[in-house]
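For reference, the structure discussed in these notes is given below.
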Amino acid sequence: MLVASGGIASSPDASDTVLISYSVLREFRGRGYATEGVGHLIPVIFSLPGICMIMAMTCPDLPASLRVRENNGFVMAGTVSSGEGMEEGTVAYVLEKPDQTS
């Protein structure tokens, strides 16, 4: 049974950044699957050589999607302007790799 899907893609702007995306089937939304799935992907993504940042984009009118990002430690980095390849007003969230030197 398919509940959700997701993946990562390299950033066209920064070699140390990946973009994360996911979708949960309507009948399974609101059960924490997205938060849990993203939470499990984060350490796997940061284990990839050279990756220091994860970026996630979403529409500002999707509060559940915004909560998934915030619950996993992402912080808002701004909104997309017209002509930047995504719908104007799309919200960018980022998560930086924790410093491993401490």
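Data table
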{"item": "Failed item, numbered, when Gly78 is tested on (1) assigned to a loop (DSSP other than H, G, I, E, B); (2) of a type outside the set (S, T, N, Q); (3) loosely packed, with under 12 Cβ neighbours inside 10 Å; (4) under 16 Å from the mean Cα position of the chain (by Cα)", "result": "(1)"}
{"item": "Any pair with Cβ under 6 angstrom, 6 or more apart, that starts in segment 48-71 at a residue that is touching a residue at least 24 places away in the same chain (Cβ under 8 Å) and ends at one that is of a type in the set (Lys, Arg)", "result": "Cys52/Lys97; Ala56/Arg69"}
{"item": "Residue among Thr35, Thr58, Thr17 that alone is polar (S, T, N, Q), over 26 Å from Glu88 (Cβ atoms) and surrounded by 12 or more Cβ atoms within 10 Å (Cβ to Cβ)", "result": "Thr35"}
{"item": "Residue in segment 42-53 that is outside any loop (DSSP other than H, G, I, E, B) and closer than 13 Å to Ala92 by Cβ present", "result": "yes"}
{"item": "Leading residue by the ranking (farthest from Ala4 (Cα to Cα)) among those in segment 38-63 that are among the small types (Gly, Ala, Ser) and under 11 Å from the mean Cα position of the chain (by Cα)", "result": "Ala56"}
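None of the figures in this text is laboratory data; all of them are computed from the coordinates on show. Note that the coordinates shown come from a computational prediction; the quantities given were computed from them, not determined experimentally. No Cβ is skipped: glycine too gets one built from the backbone with ideal geometry, and neighbour counts run over all protein chains shown.
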